[in-house]
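The values are calculated or read from the model by the stated rules, or taken from the named source; none is laboratory data. Nothing here was measured: the structure is a model prediction, and the numbers come from that model. Because the Cβ atoms are built from the backbone with ideal geometry, glycine has one as well, and the counts that use them run over all protein chains shown. In case anyone asks, the SASA skips ligands and DNA or RNA and just uses the protein heavy atoms, side chains included. Shrake-Rupley method; radii C 1.70, N 1.55, O 1.52, S 1.80 Å.
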Amino acid sequence: MQTDTPFTVYGEQFDSRLLIGSALYPSPEVMQQSLLASQAQIVTVSLRRQNSVSAGDDFWQLIKDTGLRVLPNTAGCHSVKEVVTLAQMCREVFATDWIKLELIGDEYNLQPDPIALLEATEILIKQGFKVLPYCTDDLVVCQRLADLGCEVLMPWGAPIGTGKGLLNPYNLQTIRERLPNHTLIVDAGLGLPSHAVQALELGYDAVLLNSAIAGAGCPVTMASAFHHAVVAGRAAYVAQAMPEKEVAAPSTPTMGMPFWHQN
């Protein structure tokens, strides 16, 4: 039986390869139930983007009650100054040096600004942050982020909230092959558990998603489905899939006498 390597984020080991967001749920109670059903151990939160049903002290208490590790993010920021300021606030509020770095460059598809992202990453790492940058599936950008000191990279599968899945598996696989020693997490664009399976089958260490669960007809059930998806996808990767073939090959033996003719 094949053995697996642990999922680690900046030296900390986790059992679950599913990271989950905390926004857009129909109610705080559904959010909390979904987090628990996902069996995730890391939840992302934003100081800037909390809707009315999940604002205030009650929301933070629900998050604390789950016992999950909090990963603050800089969602909604459009400049280096904004993300640096918000990251510093997050460190004070959540008492963590982890930061999921989001720096949007285009409002239409919410694509990260690669130039500003590199600049902000360099500043934050110098300030002692452990940066988890949200980026596109651009190999060169990922390599530059790695060169700056990021141990974890989070390329998108598709634009945020689209649910389109992995639009460019080739790019994602290339990043995996070229950065074999980095923790890679597909972040954004997933809509179905099968998308998560595909990401894990490519060798990605984990997936992060929010809308796919919060926007489902039953978020709690979908959260459970994604839990099982990442387990299945990782197991398939570890097991190593059979090679593809260009021609058909029978799965039953054709040599010898049929069993019903045997004594």
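Summary of computed values
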| item | result |
| --- | --- |
| Filter result for Y170 (of a type in the set (F, W, Y) and outside any helix (DSSP H, G or I)) | no |
| Checklist (1) surrounded by fewer than 21 Cβ atoms within 10 Å (Cβ to Cβ); (2) assigned to a loop (DSSP other than H, G, I, E, B); (3) at pLDDT 95 or above applied to R48, failing item | (3) |
| Test: residue in region 154-162 that is outside any loop (DSSP other than H, G, I, E, B), open to solvent by 20 Å² or more (accessible area, probe 1.4 Å), in contact (Cβ under 8 Å) with a residue 12 or more places away in the chain and not basic (K, R) | no |
| Single residue of G233, G203, G191 found to be open to solvent by less than 40 Å² (accessible area, probe 1.4 Å), at positive phi and modelled with pLDDT of 95 or more | G203 |
| Qualifying residues in region 135-152 (those that are in contact with an Asp or Glu (Cβ under 9 Å, 6 or more places away or on another chain) and without any contact (Cβ under 8 Å) to a residue 60 or more places away in the chain) - the one most open to solvent (accessible area, probe 1.4 Å) | L148 |
| Residue list for region 217-230, restricted to those being surrounded by fewer than 24 Cβ atoms within 10 Å (Cβ to Cβ) and either closer than 17 Å to V43 by Cβ or hydroxyl-bearing (S, T, Y) (or both) | P219, V220, T221, M222, S224, H227 |
| Sole exception among (1) closer than 28 Å to V30 by Cβ; (2) modelled with pLDDT of 95 or more for G161, by number | (2) |
| Region 109-127 residues that are within 20 Å of Q88 (Cα to Cα) and open to solvent by 60 Å² or more (accessible area, probe 1.4 Å), paired with ones that are of a type outside the set (K, R) and at pLDDT 95 or above (beta carbon under 7 Å, 6 or more apart) | E119/V80; E122/L148 |
| Any chance V70 is open to solvent by 10 Å² or more (accessible area, probe 1.4 Å), in contact with a helix residue (DSSP H, G or I) (Cβ under 7 Å, 6 or more places away or on another chain), free of Cβ contacts under 8 Å to residues at least 40 places away in the same chain and among the hydrophobic types (A, V, I, L, M, F, W, C) | yes |
